[in-house]
Amino acid sequence: QVQLVESGGGLVQAGGSLRLSCAASGRTISSYAMGWFRQAPGKEHEFVAAIRWSGGSTYYSDSVKGRFTISKDNAMSTVYLQMNSLKPEDTAVYYCAARRWEYSASSSMYAYWGQGTQVTVSS
């Protein structure tokens with residue numbers, strides 16, 4: 001079992017930055033790919049970014065590419081999502097998720113999920 005806890009959300013003005021963290025416990029995440037997803041009110045889970053188990057490869061949705069950066073610290077069992085140039089449409093609850101080895105943009109492929117952290121971007 002892997003337990004995931006997100007933090008770092010909050011209220012920020014458009015153009016600002018936030019860094020989300022996802023701390024894992026229960027097992028080391030060195031063999032897990034990690035993903036970030038988000039869900040806005042009335043919408044389905046949306047893929048944001050993912051990183052391979054080794055941290056050597058990353059994948060982003062077109063909507064955040066060039067603005068967000070995912071990184072993974074296996075020693076600290078923590079995954080980060082650096083979000084820059086935030087827009088009001090980035091407002092959502094952000095979730096981190098874990099699956100063994102390879103990343104995926106499909107939420108159904110992830111076995112473990114955190115509780116989420118709210119990000120609100122004001123215009």
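None of the figures in this text is laboratory data; all of them are computed from the coordinates on show. None of the values given here were measured: they were computed from a predicted structure. Don't worry about glycine lacking a Cβ; one is built from the backbone with ideal geometry, like all the others, and counts go over all protein chains shown.
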Item to check | For segment 33-98, convex hull volume per residue from C-alpha positions, Å³ | outcome: 79
Item to check | Cα-centred dipole magnitude for the chain, charges only on beta-carbon of K, R (+1) and D, E (-1), debye, nearest 20 | outcome: 200
Checklist entry - Which Cα, out of Ser57, His45, Ser123, lies furthest along the positive dipole direction of the chain (beta carbon charges, K/R +1, D/E -1)? => result Ser57
Checklist entry - Of Thr78, Gly9, Ser30, which is farthest along the charge dipole of the chain in the positive direction, counting Lys and Arg as +1 and Asp and Glu as -1 at C-beta? => result Ser30
Checklist entry - Which stretch or stretches of segment 81-123 have amide N atoms under 12 Å from the point lying 7 Å from Glu44's Cα along the Cα→Cβ direction? => result 106-108
Checklist entry - Using the Karplus equation 6.51 cos²θ - 1.76 cosθ + 1.60 (θ = phi - 60°), what ³J(HN,Hα) coupling, rounded to whole Hz, does each residue of segment 110-122 give in order, writing x for Gly and Pro? => result 9, 8, 10, 9, x, 7, x, 9, 7, 10, 10, 10, 8
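Using the beta-carbon distance between Ser107 and Met76 and R0 = 30 Å, what value does 1/(1 + (r/R0)^6) give for FRET efficiency, to the nearest 0.05?
My answer for the efficiency is 0.75.
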Checklist outcome for this item: Rounded to the nearest 5, the percent of antiparallel DSSP beta bridges in the chain equals 90
Item to check | Point-to-point label distance, Arg27-Asp62, nm (Cα→Cβ direction, 7 Å offset) | outcome: 3.5
Checklist outcome for this item: In nm², the average projected area of the convex hull spanned by the Cα atoms of the chain is 6.6
Checklist entry - Label point 7 Å out from Gln118 along Cα-to-Cβ: which residues of segment 20-36 have amide N under 20 Å? => result 20-22
Checklist entry - Looking at segment 1-66, which GluC sites (Glu not before Pro) are in a loop (DSSP not H, G, I, E or B) and have at most 15 other Cβ atoms within 10 Å? => result Glu44
Next on the checklist: Can you pull out the trypsin sites (Lys or Arg not before Pro) in segment 1-83 whose DSSP state is coil and whose Cβ has at most 14 other Cβ atoms within 10 Å?
Outcome noted: Arg27, Lys43, Lys65
